[in-house]
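*Asks:* Structure in structure tokens, see below.
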Amino acid sequence: MAYSLEQRFWCQRVLRLGFVLVCVCLGVYIFGRTLWWRLQEKSRAEVPCLSCLCDCFSQADFLIPPGLANSSYSGCGENDPDLNEELEKDTVALLSEEIALQKIVNDDTKERKLAVTMDAKRASLHYQKEAEKCNAGVETCEEARKRAEAQLREELKLTALWERRARRKRVYT
């Protein structure tokens, strides 16, 4: 079943339109997300930070509502001796806790190093014993070789003596 020229042209146009539509959607998806994030970053950068006021001054001077006061700055409460003592206690407690943690870490590290050192010593002793066994075996083999060489020399001397005797006997007979 063959298509007419008009139907082929229509099918090609539909395919091209679908392809272009898919490409446009992909482009919008890829580039639209990056543009969206850039716009979000710019909008965040353009928003000015609200000025923060400290709670340690009287709120009537700056007309700050009681719920919006901010006391998280280090300059706040410098004149309050109770707060200073509490902060010093907290600082001392934190420092002592940190020192205790450092001691624990140092002790653990020391134990690990000691364990590794002991393992290395055990392995060293094992290999040293094996080396001594090997050296003893080599010495034994060396002594046996020397004895065998001496016996061979003796046999060669004896063989030479018997050969001389055999030659003399042949000469005389």
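The numbers here are math on the coordinates, done by the rules we state, and not lab data. Every value quoted in this text rests on a predicted model; they were computed, and no experiment measured them. Quick reminder, even Gly has a Cβ in these numbers, built from the backbone with ideal geometry, and neighbours come from all protein chains shown.
*Asks:* In region 115-151, which GluC sites (Glu not before Pro) are in a loop and have at most 10 other Cβ atoms within 10 Å, using DSSP for the loop call?
*Replies:* Answer by residue number: there is no such site.
*Asks:* Grab the Cα-Cα distance for K157 and R38, subtract it from 0.36 nm times how many residues apart they are, and report the gain in nm with one decimal.
*Replies:* 32.6 nm
*Asks:* Under a cut-off of 30 Å between alpha-carbon atoms, report the lysines in cross-link reach of K129, not counting same-chain residues fewer than 8 places apart.
*Replies:* Partners within reach: K110, K113, K121, K146.
*Asks:* Another question, then. Taking the simple approach of a point 7 Å from Cα along Cα-to-Cβ for both F9 and Y29, what is their distance in nm?
*Replies:* Distance between the two pseudo-spin positions: 3.4 nm.
*Asks:* Please report the net charge: other residues with Cβ closer than 12 Å to the Cβ of A136, K and R +1, D and E -1.
*Replies:* -3
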